[in-house]
1. Once you sort the root eigenvalues of the Cα gyration tensor of the chain as a ≥ b ≥ c, which label holds: rounded (a/c under 1.5), prolate (a/b larger than b/c) or oblate (the other case)?
2. Points 7 angstrom from Cα along the Cβ direction at Q22 and N110: gap in nanometres?
3. Excluding same-chain residues fewer than 8 positions from K317, which lysines have a Cα within less than 18 Å of its Cα?
4. Determine the per residue accessible area of the stretch 1-140 with all protein chains present and a 1.4 angstrom probe, expressed in square angstrom.
5. For the chain, modelled as a GNM with alpha-carbon contacts under 10 angstrom, which of P239, P298, P258 fluctuates the most?
6. In the chain, what percent of the accessible surface is made up of carbon and sulfur (1.4 Å probe, ligands and nucleic acids excluded)?
7. Quick one: accessible area per residue over the stretch 240-285, 1.4 Å probe, rounded to a whole number of Å²?
8. How many angstrom lie between the Cα centre of the stretch 167-213 and the Cα centre of the stretch 236-290?
Amino acid sequence: MKSVIVKAHPLRCEIIDTPIPQPGPDEVLIKVIFCASNPRDWKAPDHLIPGIEINQGNEMSGIVEAVGNNVYEFQKGDRVAAAHPMQTENGTYAEYATAPVNTCFLLPPNISFEEASTIPFALCTAAIGLYQRLKIPFPTSPESTQVQPPLIIYGGGSSIGAFTLKLAKFGRFEKVIVVCGSGRPYIESLGVATDFVDYRNCNVVSDLKAALGGKKCFHAVDAINDSNSFRHLSQVLAPEGSCISVYLPRLDYSDIPPWISVGITFFGTVHNENMDFAYALFRLVGRWIAEGKMSGHPYEVLPHGLESVERGLWMLKDGSVSAKKLIYKVSDTPGISPV
Ligand SMILES: NC(=O)c1ccc[n+]([C@@H]2O[C@H](COP(=O)([O-])OP(=O)(O)OC[C@H]3O[C@@H](n4cnc5c(N)ncnc54)[C@H](OP(=O)(O)O)[C@@H]3O)[C@@H](O)[C@H]2O)c1
């Protein structure tokens, strides 16, 4: 089968021929219909975990081809979406990829493979940030009906930010304040945000304070993690009991004052400490989609399938992608037979 290896310095991709992988005991083997890109797919080989040249894809939708010995919930032919464990072999920029059952869910009939491929990685990361790090009550908990203090989402146009907003819809907040730029129309369409702050203005801190209107804020999601975002948030969060959920585990957060706790949020935990949390979440996600309570992220299908992964990763690196996922139809790849 064809598989894409991501290389760094300079960022480039190579399509190789490799054997179809076998699922482990608790895994499914998926014929990938669509795979999606995430900024970490170029960052990992570039500077996070340099020197490792593997298929960096983590998100996919497709059809179950085979299941491992312990698998009883999925069978050959099922339509699914799934997240592949980060930094491991058999990634999703390929004709076939493996995924553990705890990060795989059945697709209800009302969602396309395209839309479904945008969900697994970003939604799960958003959920870990909101529920495990910020300790916002999970939608099934009785406390989820209680009104929470304001929530700030820095980077509402990012896929993590947008899925955090969609999850926030299951709870109740005094305010949901979103920092964003050109992604604002999409964020507005979700109908959750109460206030908007444009990061392209130089008054982000004063605009955030104005949006808070004197209310104390204890919870912030920083989906951007650039040199400004967590400094801005540090200046508006309450001086006691506050937490910022951050998504770049290796960054230096020492500029965040000691009275604010830093909730390092890492998708990779779904395959160890957050294994059961992810299992429960992925089962609910399928149902939420079926009930119209959850949807995918806007997306753009790049042409020529896997051949465009390199272009897509460069677009993410350049910062030219606003409020959408870049996805690839594997069967559009020259040399791969159409579905
Ligand atoms: N820890 C983990 O496991 C994990 C998992 C996934 C991703 N990540 C990291 O989390 C971050 C977000 O990933 P993603 O896939 O959600 O990103 P993404 O969808 O590619 O983010 C693109 C969006 O970022 C917004 N943006 C850019 N600069 C901004 C700023 N200064 N302030 C506010 N918004 C800004 C843009 O908003 P506008 O369109 O409004 O301009 C754009 O729509 C990345 O750094 C990624 O590497 C970590």
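1. Prolate is the answer for the chain, as a/c is 1.5 or above and a/b outweighs b/c.
2. Each label point is offset 7 Å from its Cα along the Cβ direction, giving 4.1 nm.
3. Partners within reach: K7, K43, K325.
4. 36 Å²
5. Result: P258 has the largest fluctuation of those listed.
6. Numbers: 7150 of 13830 Å².
Looking at the chain in its full context, I get 52 percent from C and S.
7. Working: 2170 Å² over 46 residues.
I get 47 Å² per residue for the stretch 240-285.
8. 19 Å
The values are calculated or read from the model by the stated rules, or taken from the named source; none is laboratory data. Predicted, not measured: the structure shown is a model, and the values here were computed from it. Positions of Cβ are generated from backbone atoms using ideal geometry, with glycine treated the same way; all protein chains shown enter the neighbour counts. The protein model used for the area step is the full one, side chains on, heavy atoms only, and it has no ligands, DNA or RNA in it. Shrake-Rupley method; radii C 1.70, N 1.55, O 1.52, S 1.80 Å.
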